[in-house]
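Nothing in this text is a laboratory measurement; each read-out follows from the coordinates by a stated rule. These numbers were taken from a predicted model, which means no experiment stands behind them. Backbone-built Cβ (ideal geometry, glycine too); neighbour counts: all protein chains shown.
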Amino acid sequence: MKLASHILDLVHEAMALPGDPASHRIVCAMSGGVDSSVAAALLKAAGYDVVGITLQLYDHGEAIRRKGACCAGQDIHDARRVAASFGIPHYVLDFESRFREAVIDDFVSAYVQGATPIPCVRCNQTVKFADLLWRARELDASALVTGHYIESRLRADGHRELVTPSDMARDQSYFLFATTQDQVDYLRFPLGRLPKPETRAIAAELGLMVADKPDSQDICFVPEGRYADLIERLRPDAAEAGDIVHLDGRVLGRHNGIIHFTIGQRRGLGVAEGEPLYVVKLDAAARRVIVGPREALRRHDIAIDAVNWLGDAPLSETPQPVFARIRSTRPPVPAEIRRAGAGVLVSIPEGEYGVSPGQACVLYAGQGSGQRVLGGGFISLS
């Protein structure tokens with residue numbers, strides 16, 4: 001297994017562990033995709049004692065055949081084959097019950113309440129970086145490694161911090177904001193300084209059978225992205241009909257369940273007006289979809305809860321400058337964060353459109369690559 005020396009140097013720099021690599025057992029979370037497979041292979045090439053663990057999180061019959069899934073069916077088989085090809089011990093842990101309770105049930109409940117949840121964050125928060133991390137420590141591993149595109153950087157105080165990766169087109173920091181300081185200190189991300197095309201090139205060079213495997217595009221447990229079908233199957237009462245109401249109080253039409261709508265949605269409303277209309281609010285209690293003009297989506301103040309703060313100075317009533325990101329597909333914008341009563345408030349001077357309860361508001365020290373992740377919270381329903 002021959003790799004360019006600069007690649008192995010990047011691996012050692014990312015791991016930042018003292019002494020002989022062979023003295024360090026590393027648990028690598030292997031999802032069956034190209035990124036985690038390359039991460040495991042690089043660790044092995046760099047001389048670490050690697051143990052691969054794959055979590056079986058759900059089981060759909062179609063997941064066995066569907067490309068771009070994660071943690072089920074074919075993906076578990078792919079992870080096992082990659083590990084075997086490099087002589088890496090590999091274990092599959094059945095976390096279906098835990099995943100159902102912590103992620104799927106939470107996902108369904110959030111939609112029923114009119115929120116737009118982010119199951120990948122919940123999975124990282126409650127399963128991968130909690131339960132799996134505990135297992136890694138039980139195995140006396142020096143670190144838990146994943147194939148996420150984010151960096152971990154050592155600070156002067158001996159703790160580590162999360163920073164955005166070199167390849168911002170692949171930046172996954174939005175989904176990792178809930179990672180606690182204790183978890184950050186234990187996690188490592190060897191792909192953080194690699195562009196995705198180079199990761200695939202390494203996979204091809206190493207002869208990985210997943211080198212050309214497509215990336216996962218949908219929520220892993222929602223086949224073909226039809227999340228409403230899943231919700232209706234698990235909560236048959238969730239698709240109750242109701243009114244589509246304009247902000248001015250006019251009833252414009254009917255809908256077949258608020259679970260089919262998200263804040264900021266424009267297409268598929270089933271109503272026509274002289275101006276473009278957007279979903280402005282979802283009133284779950286009254287089963288109303290409230291629509292209005294685009295400007296009605298603009299928000300300057302955003303309340304967040306379940307806040308994970310990784311900044312140096314504690315949050316107080318004095319505003320701290322940050323950069324805030326309300327969707328994974330949007331860049332961070334200048335903002336301020338402060339405590340407001342019992343909660344936390346993020347203020348965005350220029351405003352943001354389509355702020356949706358249940359989504360994350362992730363906070364950074366700056367914009368672009370190499371910027372520190374300061375934490376964040378979930379946008380409140382209130």
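Numbers below:
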read-out: Restraint check, 44/128; 44/213; 128/281, Cα-Cα greater than 30 Å; value: 128/281
read-out: Folded to 0 to 90 degrees: helix 34-45 orientation relative to the chain principal axis, Cα; value: 20 degrees
read-out: Region 239-296 - share of DSSP beta bridges that are antiparallel (%, nearest 5); value: 75 percent
read-out: Degrees between helix 196-205 axis and first principal axis of the chain (Cα, 0 to 90, nearest 10); value: 40 degrees
read-out: Per residue Cα convex hull volume in Å³ - calculated over region 227-293; value: 77 Å³
read-out: From phi via Karplus (6.51, -1.76, 1.60), per-residue ³J(HN,Hα) for region 291-296 in Hz, x at Gly/Pro; value: 10, x, x, 4, 4, 5
read-out: Relative contact order for the chain, counting Cα pairs under 8 Å that sit 6 or more residues apart, in percent; value: 15 percent
read-out: Long-range HN-HN contacts of residue 252 with modeled amide H, under 5 Å; value: 244, 245, 246
read-out: Peptides ranked, highest mean first, by Cβ atoms within 10 Å: ranges 257-268, 22-33, 237-248, 350-361; value: 22-33, 350-361, 257-268, 237-248
read-out: Local electrostatic count at residue 332 - Lys and Arg +1, Asp and Glu -1, tallied over other residues with Cβ under 11 Å; value: +1
read-out: Neighbourhood net charge (12 Å Cβ-Cβ; Lys/Arg +1, Asp/Glu -1) for residue 279; value: +4
read-out: Net charge over other residues, Cβ less than 10 angstrom from the Cβ of residue 241 (K, R count +1; D, E count -1); value: 0
read-out: Sequence-distant residues sharing a close amide H with residue 92 (under 5 Å, placed H); value: 54
read-out: For region 9-33 and region 289-330, distance of Cα centres in Å; value: 35 Å
read-out: Residue order, fewest to most beta carbons within 10 Å, for 163, 322; value: 163, 322
read-out: For region 106-119, 3J(HN,Hα) per residue [Karplus equation, 6.51 cos²θ - 1.76 cosθ + 1.60, θ = phi - 60°, Hz, x = Gly/Pro]; value: 5, 4, 5, 4, 5, 5, 4, 7, x, 9, 10, x, 10, x
read-out: Highest-MSF residue in the chain out of 56, 320, 181 [GNM, Cα springs under 10 Å]; value: 320
read-out: Whole-Hz couplings from phi, Karplus 6.51/-1.76/1.60, listed for region 272-277; x for Gly and Pro; value: 10, 9, x, 10, x, 10
read-out: Global geometry of region 145-294, whether rounded, prolate or oblate, following the gyration tensor of its Cα atoms and the 1.5 cut on a/c; value: prolate
read-out: Estimated inter-spin distance, residue 204 and residue 285, nm [label 7 Å along Cα→Cβ]; value: 5.8 nm
read-out: Equivalent ellipsoid dimensions for the chain as semi-axes, Å, which come from the Cα gyration tensor, largest first; value: 38, 25, 17
read-out: Projected label distance in nm at residue 340 and residue 109, using a 7 Å step from Cα toward the beta-carbon; value: 2.6 nm
